[in-house]
Each structure stands twice: as C-alpha cells, then as structure tokens.
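J.: What follows is a structure written as structure tokens; I'll ask about it next.
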Amino acid sequence: MKRIFFLYVCLITAGFAAPGNAWHLPSLTESQISKTMRDPVYEITAADATIYQGVWLGSGDNQTGGTLYYRTTPRGGTASVWTPVALGWNSNISQNQYWKAVIPTTSIAATDVVEYYIKVTYSGGSPETTYLFGSDEA
C-alpha cells in the first residue's frame, strides 16, 4: 500500500485589488460535489490525488481557469521544481462553480511530501488573479 503525506501549501492576490471569492479547504467535504476538496485527504494508497477548488459566482466573479502547482520532497531530500497542472471545469451547482486538477502519483514515493498551491484566473481582470494556499485545516 502506497502512503503519501500531503502538506497543503488562505488566500492572497496579485496586487491590491479585491480577490475573487474562491476557496480550497482540503479536508472539507463539499456536499455539492460529494467529496472532500482533496481526494484523498491525507494518504494516497493507489490512486491519483484530485484537488478541487470552488468559486462563488454570486458576486459576478467569472473564473476562466487556473493552475495547480505541486512539488514533492523525498524524505531527507531536496524539493523538486514546481510542476503545473491545468485546472479543469468540474461543475456549476447553484451559485458555486467547482474546478479540479489531478496530481499523478505513479512517480511519487510512499514517504514523499507533496506541496501545492492554486492559481485562480478570472476574465476581465476583476477580480485579480487569486492564489490559494495554506495548511491542512478546513
């Protein structure tokens, strides 16, 4: 059984404009997508990891995509370079929209730490590009 531990690398924006109303809470079960926002939450046993990100559409935010960046650090080793993975649209449910990206785990060792952050992009430059990162806390 392969076990990989995650370190989730809150909200920051480029510049000083208002951020988009986007979120990623790794261990939160989103009832609208019937999964946690990081699936699996802590350990990968045999499958890839899917990372979900949500955005509230009620304030007129129009997410057009984004990128998940991840890197791995082997036990006692040096962190790899950041690898980009495009966010893909997942669903629109009520006033919420969900996007997702998959971290392939075939080349990740069982003791590697995986870090990631999410760059959310919007149309029209408002809100500004938003970055999601933080801890494992929901």
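J.: So if I check each of Thr106, Thr111, which one is exposed (fewer than 14 other Cβ atoms within 10 Å of the Cβ) and over 21 Å from Leu57 (Cα atoms)?
T.: Among Thr106, Thr111, only Thr106 is exposed (fewer than 14 other Cβ atoms within 10 Å of the Cβ) and over 21 Å from Leu57 (Cα atoms).
J.: For Trp56, only one of the following conditions fails: (1) closer than 18 Å to Thr129 by Cβ; (2) surrounded by fewer than 13 Cβ atoms within 10 Å (Cβ to Cβ). What is its number?
T.: Among (1) closer than 18 Å to Thr129 by Cβ; (2) surrounded by fewer than 13 Cβ atoms within 10 Å (Cβ to Cβ), the lone unmet condition for Trp56 is (2).
J.: Inspect all residues belonging to the stretch 19-40 and state whether any of them is at pLDDT below 75 and hydrophobic (A, V, I, L, M, F, W, C).
T.: Scanning the stretch 19-40, I find no residue that is at pLDDT below 75 and hydrophobic (A, V, I, L, M, F, W, C), so the answer is no.
J.: Another question about this same structure. Which is surrounded by fewer than 18 Cβ atoms within 10 Å (Cβ to Cβ), under 24 Å from Ile33 (Cβ atoms) and among the aliphatic types (A, V, I, L, M), of Ala101, Ala86?
T.: Of Ala101, Ala86, the one residue that is surrounded by fewer than 18 Cβ atoms within 10 Å (Cβ to Cβ), under 24 Å from Ile33 (Cβ atoms) and among the aliphatic types (A, V, I, L, M) is Ala86.
J.: Can you tell me which residue within the stretch 67-83, out of those that are exposed (fewer than 11 other Cβ atoms within 10 Å of the Cβ) and at pLDDT 90 or above, is farthest from Tyr131 (Cα to Cα)?
T.: The extreme case among them is Thr78.
J.: Give the residue, chosen from Thr72, Thr106, that is of a type outside the set (Lys, Arg), part of a strand (DSSP E or B) and more than 24 Å from Ile33 (Cα to Cα).
T.: Result: Thr72 is the single residue among Thr72, Thr106 that is of a type outside the set (Lys, Arg), part of a strand (DSSP E or B) and more than 24 Å from Ile33 (Cα to Cα).
The values are calculated or read from the model by the stated rules, or taken from the named source; none is laboratory data. A quick note: this is a predicted structure, and the numbers were derived from the prediction, not measured. Positions of Cβ are backbone-derived with ideal geometry, glycine not excepted, and every protein chain shown enters the neighbour counts.
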